[in-house]
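These notes concern the structure reproduced below.
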Amino acid sequence: MEQTKTRRTLIERAQAIFKLVDYEDDPFPKSKLQKVGLNPATAEKWLNLIVYIQKQPRIRLIKTKNNTIIEKQEQKYHTMSREIFMDPKKSYEERFHALSDYLRALMTSERLKE
């Protein structure tokens with residue numbers, strides 16, 4: 001009997017990575033990604049892509065009957081503030097102020113959309 005091997009989609013690969021990350025409580029070496037079928041070179045590419053995406057402004061997809069519309073949810077200031085309040089190297093005071101600034105800017109931009 002012939003066995004067909006289907007390639008995983010990009011989403012399936014990303015889901016496998018995050019499932020492993022979610023499962024692990026402690027920091028772990030990249031080599032553990034072999035458990036989800038990624039060799040070290042491919043794992044490195046995926047991790048670099050994920051880190052890059054996590055630093056970008058958040059977006060929302062609006063699917064219509066014939067199109068997918070991309071709406072930017074954050075401006076550059078939001079992204080910068082989010083990066084500061086998520087940085088464990090910053091003091092709690094710096095992180096709190098960045099979070100407060102982020103929320104104020106987010107509320108302002110949402111009010112302007114109304």
Q. So how tilted is helix 76-85 from the main axis of the chain? Cα-based, degrees 0 to 90, rounded to 10.
A. 80
Q: Can you tell me the 0 to 90 degree angle between the C-alpha axis of helix 92-113 and the longest principal axis of the chain, rounded to 10?
A: 80
Q: Over all directions, average the projected area of the Cα convex hull of segment 57-114 and note it in nm².
A: 4.6
Q. For PHE96, PHE85, what ranking results if the residue with the fewest other Cβ atoms within 10 Å of its Cβ goes first?
A. PHE96, PHE85
Q.
With an 8 Å Cα cut-off and a minimum separation of 6 or more residues, compute the relative contact order for the chain in percent.
A. 13
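What is segment 22-85 by shape, rounded, prolate or oblate, if you read a ≥ b ≥ c off the alpha carbon gyration tensor as root eigenvalues and call it rounded for a/c under 1.5, prolate for a/b larger than b/c, and oblate otherwise? Could the numbers behind the result be given before it?
On the way: a/c = 2.78, a/b = 1.58, b/c = 1.76.
Because a/c hits 1.5 or more and a/b fails to exceed b/c, segment 22-85 counts as oblate.
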Q. Listing ASP87, ASP22 from the residue with the fewest other Cβ atoms within 10 Å to the one with the most, what is the order?
A. ASP22, ASP87
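List THR64, THR79, THR108, THR42 from most exposed to least, where exposure is judged by having the fewest other Cβ atoms within 10 Å. Walk me through the numbers on the way to the answer.
On the way: THR64 7, THR79 16, THR108 10, THR42 13.
Ordered by Cβ neighbours within 10 Å, fewest first: THR64, THR108, THR42, THR79.
Mean 1/r over all different Cα pairs, inverted: what Kirkwood radius does the chain give, in Å? Don't jump to the answer; show the numbers that get you there.
Values: mean 1/r = 0.0574 Å⁻¹.
Computed over Cα pairs of the chain, the Kirkwood hydrodynamic radius comes out at 17.4 Å.
Assuming 0.890 mPa s and 25 °C, estimate D for segment 1-54 with Stokes-Einstein, Rh taken as the Kirkwood radius over Cα pairs, in µm²/s. Write down the numbers at each step before the final one.
Values: Rh = 12.2 Å.
Approximately 201 µm²/s, per Stokes-Einstein.
Bear in mind that the values in this text are calculations on the coordinates, not laboratory data. No experiment lies behind these values; they were computed from the predicted model shown. For neighbour counting, all protein chains shown are included, and Cβ atoms are generated from backbone atoms with ideal geometry for every residue, glycine included.
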